Structures are given as structure tokens and as C-alpha cells.
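Laboratory data are not the source of any read-out in this text; all were calculated from the coordinates shown. Just so it is clear, the model here is predicted, and its values are computed rather than measured. Here the Cβ positions follow ideal geometry from the backbone for every residue, glycine too, while neighbour counts run over all protein chains shown.
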Amino acid sequence: MPPLHPPRSLLRPLGFFSLLLLLSPGLLAETHRPNVVIIYGDDVGFADVGVNGSTLIPTPNIDRLAAGGINFTDGHCTASTCTPSRFSLLTGIHAFRYNAAILKPDAPLIIPTEKFTLADLFKRGGYRTNIIGKWHLGLGTKGIPTNWNGDVKPGPLELGFDYSFLVPSTNDRVPTVYLRNHRVVNLDPSDPLHVGLKLADVRKFPHSTQFPDGKTNREAMTYYESSNGHDNSVINGIGRIGYQAGGKSALWDDETISDTLVAETENYIAANKDHPFFLFFSSPDIHVPRAPHPRFQGATTLGHRGDAMVQFDWAVGAIMASLEKHGIAGNTLVIFSSDNGPTFDDGYHDGTTVPTSSREVDRGHDPSGIWRGGKGQIWESGTRVPFIVSWPNRIKPRSSDATVSQVDLLASFADLLDHELTDTDAPDSRNILDTLLGESDEGVNHLIEESRGLALRVGDWKYIRPGIMVKNSTDGKRTIRLPESLYHLAEDVMEQNNLAKQYPEKTQHMAALLTELKNGPGLRHSLR
Ligand code: NG6
Ligand code: CA
């Protein structure tokens with residue numbers, strides 16, 4: 001790899017000038033320690049953004065970010081669902097090593113607090129660290145029921161963040177309240193908040209506000225009807241996953257979640273503009289229940305899903321405008337990406353057409369672009385997501401087809417911050433800083449994709465382990481077990497021609513390699 005620290009390596013021979021630079025910290029700060037902002041979408045597909053082909057959903061702000069930075073067309077989250085991808089992003093560890101799967105509303109924190117995280121890295125580098133938005137990595141300790149009326153911990157503050165403002169789980173799960181640091185925002189102590197998986201778990205607190213049970217009060221779902229598991233506590237007219245009692249004064253308003261998170265972010269940027277910061281802006285857009293603010297409703301012809309994407313694009317624009325207003329946009333490295341591929345209908349009747357064909361297209365919009373599948377699937381669109389990196393002071397605009405993964409951000413930022421990782425820190429995270437900065441075209445040699453099982457990408461070859469359950473693509477309903485599969489993506493973008501039988505040696509080699517990577521000490525320590 002080429003030298004990774006131009007500022008450092010340039011300083012040495014410069015002698016006198018280096019002294020001068022050191023005497024003017026403002027100047028030095030311009031290219032050395034950028035603020036880092038990760039803008040993370042929820043269920044945003046590869047082609048939900050204009051720069052990757054969306055024409056029916058306008059995303060001018062995201063497109064502008066891409067035009068001024070690098071658009072990675074082979075950029076991945078580690079898994080086709082939320083919790084495992086977030087786990088990997090923050091720890092640099094593949095989530096399958098910890099059996100991290102989609103969490104229930106009352107789940108305890110799944111990242112062990114002693115793990116070295118992305119937030120720890122920045123904190124050690126002297127940054128302020130902040131997460132605003134969706135968490136979904138659990139809160140509290142296993143075996144001890146979380147007390148939502150006291151200090152809700154451990155959570156992000158125990159993992160290196162020094163400030164947090166959270167949607168604790170997902171927007172379709174209880175509790176439907178914000179959490180600032182350890183405390184539920186606007187909670188009235190006389191209406192204690194309780195969360196459970198069964199109705200009986202919350203009915204035993206009769207002095208707390210009781211919400212209708214969607215199963216027996218379907219008429220309470222006034223925002224829109226829902227099925228498919230989203231029919232427990234009905235809050236704000238929307239059926240949720242899980243039961244809640246109490247916390248009435250603390251309820252969020254679904255249509256202003258995005259506004260609230262953006263306002264929090266603007267305040268944070270204003271307060272920290274003179275100090276390096278790491279901000280993880282984790283938007284619940286465009287996850288269900290999609291309830292974009294009325295000013296975005298009707299912005300597209302695609303119902304709430306398209307409109308929520310327009311809202312998300314607005315949020316990106318507002319964050320960029322805030323960085324600009326405070327004069328720090330040039331030295332802020334922004335990453336825009338998503339936690340998993342797209343989904344259309346997810347149990348809410350929100351105006352998104354339910355496609356039944358194998359090619360999931362809603363009224364002309366295909367959020368997967370040329371790739372197959374989507375959220376929760378092992379096909380390419382499960383993890384191939386928008387992946388944009390911008391840093392105006394340093395990065396020259398371009399696009400890149402290098403294979404990059406969110407699991408590699410931690411080691412790459414460690415390099416940026418001159419921090420040496422121990423062998424056990426972020427063991428799956430590889431240093432691809434030069435690629436992320438557009439100074440190299442070399443991506444990772446091995447990319448693991450996770451979705452109820454594992455697949456391995458080596459260049460254009462993709463190997464899928466046998467036995468993975470997927471929806472039957474002809475009726476979209478029944479699930480079937482996939483056989484061992486081998487695809488060549490360059491010749492077979494849609495993963496249609498299984499070459500496993502035709503290339504038994506290649507198949508065996510890839511299978512063995514995946515097993516080795518899975519059982520080994522971590523991808524950073526395995527063969528490149
Ligand atoms: C599923 C939910 C889905 C979504 C998903 C998590 C049902 C039927 N489906 O269990 O709506 O919440 O979990 O999404 O309940 S994720 O983006 O956080 O992974
Ligand atoms: Ca998601």
C-alpha cells in the first residue's frame with residue numbers, strides 16, 4: 001500500500017515549515033484530523049439514490065455528496081439485516097462471531113463493553129463522539145430487566161460515545177420514546193415506562209398508560225393498518241412490535257422523528273465546531289413504519305417509501321448545510337451508507353406496492369438497481385448498498401469499483417488517527433484507508449456477506465454456502481433452501497447461473513477459504 005499519512009510524511013522533510021505549521025494549529029487541522037460523520041440509512045437500497053440510478057426518487061443532496069467525493073459501487077454492509085451490520089460497523093468484528101441477529105425490543109446490549117469500538121478509537125484520538133438516531137444494538141445487561149425509568153445502561157455511552165440521542169430500538173419497535181444519554185426524554189415519573197414482549201408483561205402495570213393491543217383492537221391502527229407481526233401495542237395509531245405501558249408524555253411523533261434528529265445534530269455541530277468530532281447520524285429512514293413529515297408526503301409517485309427517502313435526502317442536505325454554515329465542511333469526512341438492502345412491504349399498508357414477481361419493482365422503481373434480492377437475502381442487493389465517502393479538503397471526486405466493506409472502517413480510521421490496533425481489536429477490520437480516500441483502487445480480497453448464512457466474494461466470484469433459507473422467487477412466499485452456489489457476477493449480475501457443478505474445484509476452494517476465514521482469528525489476520 002502507498003504511504004498513508006501525507007501530512008506526517010510531508011512534515012518530516014519540511015523542517016522549518018513543519019514548525020510553522022505546528023505554530024498555526026488552524027492550518028494543520030485543515031487536512032490532518034477531519035471531523036468524521038457517518039450518515040447511515042435504514043433499509044436504503046443501492047439504487048434508492050440518484051447517483052446509483054434512481055430516477056423516480058430525487059436525491060439531490062446525496063448526489064451532490066457523491067459528486068464531490070467517491071461513489072463506491074461495490075460497497076457493502078456486512079449483513080442483510082440491521083443489528084449484525086451495525087455490530088460490525090462499530091466493532092470491526094463480523095457479527096456471526098457473536099451470533100448477532102435482529103434484536104427484540106427488550107434486548108440487552110449485545111456488544112460487550114470491553115470491546116474496542118469505532119467510538120473508542122475516536123475518543124482516544126481526542127475526538128468528541130456522538131450518536132444520534134437508531135441504535136438497535138440492545139440496552140442494559142443480560143438477565144437484568146432494563147429499568148426504563150432510571151439509568152438505561154449499558155449502551156452507547158459505555159462503548160465510547162460521550163453523547164447519545166437515540167431511537168432505542170427501531171421505529172417499529174417499542175419503546176417509542178427518545179433516550180438522551182441514559183435517560184428517557186420527557187418521561188413523567190408518575191407514568192412509568194415498561195416494555196415487554198407479551199401483553200401480560202405490561203398489563204401488570206395498571207397505573208401506567210395502557211395502549212391498545214393491535215391484535216384485538218385493529219381499529220386502533222388509524223395511521224395505517226399493519227399485519228405481519230406489527231400488531232402489538234398500537235401507539236400514535238401505528239401497530240408496533242412489542243408491548244409498552246406508560247411513557248405517554250415521552251412518546252415521539254413519528255412524522256417529526258427526522259426533524260428532531262436533524263435539530264439535535266445541528267445543535268451538536270454548532271456546539272462542537274471548534275473541536276474534532278465523530279458523529280454517527282443513524283436515521284430510521286426508510287425503515288417501516290414510514291411516516292414522512294406531511295411536507296414530504298406526495299414528493300414521489302411511490303408512496304411513503306419514496307417520500308421517506310426524499311425526507312432522508314433532505315436530512316443529508318441539512319447536515320451538510322450545517323457543516324458549511326460553521327465553516328467546517330471542507331475538513332469533514334462524510335460517509336453515506338445503509339445497514340442493509342431494500343425492502344418494500346414490511347407489514348404496513350403504507351402505499352408501497354407489494355411486488356409479487358421475482359423482480360421486485362414498484363411502479364418503475366427498482367431499489368436494487370441491477371442486483372438481485374434485497375433486505376434479508378443472501379443475494380447481492382442484501383448487502384451492496386450506497387457507499388459514498390467525501391472529504392472536500394482531501395478527496396478528489398471520482399467513482400470506484402473497489403470492493404469495500406463497513407467492517408473495514410475501524411482499521412482504516414485507526415490508520416487515519418495513527419492509532420495502532422492490538423491483534424484482538426477489531427480483528428475483521430482491514431486498513432483500506434488509501435482506497436477510501438481514492439488514492440488506491442485496491443479493495444479487499446475477501447468479502448463476507450451474511451444473511452442467515454454466509455457467502456464469500458473474491459473479485460467477481462461469489463460462493464454461497466448450502467442450506468440458506470430464502471423466499472421462493474416465483475411466489476415470493478414459500479421459503480426454500482438454497483443449494484451450494486457459485487456465481488460469476490461480471491457475467492451473471494442477477495445470480496441466475498449456478499456454476500457450482502461446472503467448476504467443482506473453484507467451488508471447493510471458495511468453500512474451504514470461507515471456512516478458514518470464518519474459523520480463523522479475523523479477516524485482518526488471514527491471507528489477503
Ligand atoms: C423484522 C420485522 C421487520 C423489521 C426487521 C428488522 C416483522 C414481520 N418484521 O422482524 O419489520 O423490523 O425485523 O429490520 O416483524 S432491521 O432493519 O432493523 O433489521
Ligand atoms: Ca435496516
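A few notes on this one:
- Among the GluC sites (Glu not before Pro) in the range 433-528, those located in a DSSP loop and surrounded by at most 10 other Cβ atoms within 10 Å of their own Cβ are Glu491.
- Sequence-distant aspartates and glutamates (8 or more away, or on other chains) whose Cα lies within less than 17 Å of Lys198: Asp106, Asp172, Asp213, Asp231
- Bridge orientation summary for the chain: considering DSSP beta bridges with both residues in this region, about 55 percent are antiparallel.
- Cα Rg, Dmax (largest Cα-Cα span) when computed across the range 122-226, Å: 15.9, 53
- Scaled radius of gyration (Cα, divided by 2.2 N^0.38 Å) that the chain gives: 0.95
- Over 27 Å (Cα to Cα) - which of Lys204/Lys375; Lys134/Lys273; Lys471/Lys501; Lys396/Lys462 fall in this group: Lys204/Lys375; Lys396/Lys462
- The range 48-140: Cα Rg divided by the 2.2 N^0.38 Å rule of thumb: 1.31
- Put the Cα centre of the range 196-252 next to the Cα centre of the range 376-415 and the gap is 38 Å.
- Low-density loop positions, trypsin sites (Lys or Arg not before Pro), the range 162-263 - DSSP coil, at most 16 other Cβ in 10 Å: Lys198, Lys204, Lys215
- q = 0.18 Å⁻¹: log10 I(q)/I(0) that the Debye formula gives for the range 226-379, counting C-alpha atoms only: -1.18
- Helical contribution to [θ] at 222 nm, DSSP H n ≥ 4, -39,500 (n - 2.57), averaged over the chain, rounded to 500: -6500 deg cm²/dmol
- When the Cα gyration tensor is reduced to axis lengths a ≥ b ≥ c, the ratio a/c is 1.5 or higher for the range 194-246, and with a/b above b/c it is classed as prolate.
- The range 127-156: trypsin sites (Lys or Arg not before Pro) in DSSP coil with no more than 12 other Cβ atoms inside 10 Å: Lys142
- Calculated translational diffusion coefficient of the range 448-526 (4 °C, 1.567 mPa s; Stokes-Einstein with Kirkwood radius over alpha-carbon pairs) equals 97 µm²/s.
- Three-way shape label, the range 364-475, alpha-carbon gyration tensor, a/c 1.5: oblate
- For the range 175-190 versus the range 76-144, the spacing of their alpha-carbon centroids is 21 Å.
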